[in-house]
């Protein structure tokens, strides 16, 4: 299929939200947490990259949240894409989706790894069954707290949701938590073991959080992970 770019806007330094549509379809069905695979030919060779969808289905449209990897092949090309241009797409694909029935959960993300969790937190599957959900989200700088206003508003309006942001390179004026997400995992778990933990981010973080959870007695079936490298 072809995914045609509708618009983009910057949501943090070197991070953009992309709105695409699939013109050949009236409706694009997918589950929160799934991804699309883009393919192109760059520097004379085929390149394929997968990107988590940062929205729920809306007709034939979907949103992505991408950071520009300056040494990468595909993201710099996508950042130059203009409205009306298209890219070859497969999907949606993947199994990093809310379990059914959905129960109490901790969502752990770093950087653009928060994209699938934005979709989770728009979904009736997650919001309408009485589960307690905590989002533990880490990034370097305060301006990198993607979708911060959305998550803070959700924490205000939904008593079952807790938002825990943390920074590894805070400014002097930052009054919140500091350090990597691993340092705040105990707070997010709140002495609970009967829940699921969804993890999305780079390999090192995912594996360290998985190790911490196993040391706490979590079964592997309670740990659902998606790695970005």
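The values are calculated or read from the model by the stated rules, or taken from the named source; none is laboratory data. In this text, all values refer to a predicted model and were calculated from it rather than measured experimentally. In this analysis, Cβ positions are derived from the backbone assuming ideal geometry, glycine residues included, and neighbour counts consider all displayed protein chains.
Points to keep in mind about this one:
- Checked against (1) over 27 Å from residue 139 (Cβ atoms); (2) touching a residue at least 60 places away in the same chain (Cβ under 8 Å); (3) surrounded by 17 or more Cβ atoms within 10 Å (Cβ to Cβ), residue 18 passes all but condition (1).
- Screening the stretch 133-166 for residues that are under 14 Å from the mean Cα position of the chain (by Cα) and part of a helix (DSSP H, G or I) and picking the one that is surrounded by the most Cβ atoms within 10 Å (Cβ to Cβ) gives 144.
- Yes/no for residue 20 being modelled with pLDDT of 95 or more and in contact with a strand residue (DSSP E or B) (Cβ under 7 Å, 6 or more places away or on another chain): yes
- Residue selection: residue 36 fails the criterion of being closer than 12 Å to residue 87 by Cα, part of a strand (DSSP E or B), in contact with a helix residue (DSSP H, G or I) (Cβ under 6 Å, 6 or more places away or on another chain) and touching a residue at least 24 places away in the same chain (Cβ under 8 Å).
- Residue in the stretch 112-120 that is farther than 27 Å from residue 4 by Cβ, in contact with a helix residue (DSSP H, G or I) (Cβ under 6 Å, 6 or more places away or on another chain) and touching a residue at least 12 places away in the same chain (Cβ under 8 Å) present: no
- Residue list for the stretch 204-222, restricted to those being assigned to a helix (DSSP H, G or I) and either within 15 Å of residue 105 (Cα to Cα) or not assigned by TED's automatic domain parsing to the domain that holds residue 182 (or both): 209, 210, 213, 220, 221, 222
- In the stretch 163-181 there is no residue that is without any contact (Cβ under 8 Å) to a residue 24 or more places away in the chain and either under 24 Å from residue 34 (Cβ atoms) or assigned by TED's automatic domain parsing to the domain that holds residue 17 (or both).
- Of residues in the stretch 82-92 being surrounded by 13 or more Cβ atoms within 10 Å (Cβ to Cβ) and at pLDDT 90 or above, the one nearest to residue 119 (Cα to Cα): 92
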